[in-house]
1. Where the only charges are on Cβ atoms (+1 Lys, Arg; -1 Asp, Glu), what is the dipole of segment 111-222 about its Cα centre, to the nearest 20 debye?
2. Tell me, what is the 1.4 Å probe accessible area of TRP38, in Å² to the nearest 10?
3. How do ARG148, ARG176, ARG99, ARG188 stack up against each other in accessible area, from largest to smallest, with a 1.4 angstrom probe?
4. Heavy-atom accessible area of VAL73 with all protein chains present, probe 1.4 Å, nearest 10 Å²?
5. List residues of segment 21-58, by number, whose backbone nitrogen lies under 13 Å from a label position 7 Å along Cα→C-beta of GLU101.
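The values are calculated or read from the model by the stated rules, or taken from the named source; none is laboratory data. Remember, predicted model here, so these are calculated numbers, not experimental data. Backbone-built Cβ (ideal geometry, glycine too); neighbour counts: all protein chains shown. Heads up: the accessible areas ignore ligands, DNA and RNA and are worked out on the full protein's heavy atoms, side chains in. Shrake-Rupley method; radii C 1.70, N 1.55, O 1.52, S 1.80 Å.
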Amino acid sequence: MHSFKAASLSADRLDRAIDPDAANAALGSLDPIGQLEWGLTTFEECFALTTSFGIQSAVLLHMASRVSASIPVIWVDTGYLTAETYRYAQQLCELLPIRLEVAQAEVGPARMEALHGRLWETGQLADMERYLQLRKVQPLDQAFERLRVSCWASGVRSSQTDHRRTMQHLQDVRGRWSLRPLLAWTARDVFYYMEDHSIPQHPLFAEGYSSVGDWHSSGPDGAGGDQSEGEEGNRSSRFGGLKQECGIHLPGVMGEGI
């Protein structure tokens with residue numbers, strides 16, 4: 001299989017030798033594990049995975065563990081995740097052979113609240129965006145720098161948000177290639193994969209959550225007042241109802257924000 005690999009990979013910026021049109025044409029014919037193998041073959045030690053240890057995170061973690069236990073798995077720990085998520089992360093790390101790399105903000109939760117207040121409570125979009133940049137986007141981009149990541153794979157799916165509906169399998173996000181092996185999968189695909197491989201569900205799945213992040217910005221389906229059908233409606237409780245995306249999957253300037 002043609003890897004569309006550059007002669008010399010850049011570890012901290014976009015590899016311009018990758019032809020995104022050719023790569024997406026090739027990736028579209030591969031299953032998720034094949035796409036992960038493509039990423040590892042193409043970018044070698046500059047390839048990584050991201051995870052939130054959320055409701056559907058275990059599928060991509062399980063697939064990656066079958067491809068190679070050496071792939072770094074970057075977990076952005078905001079310091080505000082639910083207790084169930086922290087316990088679930090521990091459970092999956094004991095179950096699967098993964099190389100976990102934890103990314104955290106330089107400013108701890110208590111210090112951030114003392115300096116800036118509880119940014120998620122104001123109801124202001126600018127405050128929520130500041131919070132997400134500080135606790136999620138910046139720590140992830142710093143981890144990318146530290147690990148010299150050129151391409152990162154995530155478990156985003158097209159049915160989750162308006163923005164994700166426009167995604168391709170491989171795109172430039174903040175100066176690095178972002179690979180989406182599960183882009184075409186449905187919630188049903190995810191559920192049955194976990195059933196078929198005896199992967200435990202996130203504890204909050206049984207309580208009606210189809211999406212979970214920080215404890216203060218997550219709720220069971222319909223908690224945000226949006227009773228619309230589909231996964232997009234199920235994210236109505238996230239980020240105070242102000243946003244569907246935290247910013248990790250959005251294009252922008254590396255390190256912008258706080």
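1. I would put it at about 460 debye.
2. 0
3. Working: ARG148 140, ARG176 0, ARG99 95, ARG188 160 Å².
Order by accessible area, largest first: ARG188, ARG148, ARG99, ARG176.
4. 0
5. 44-51
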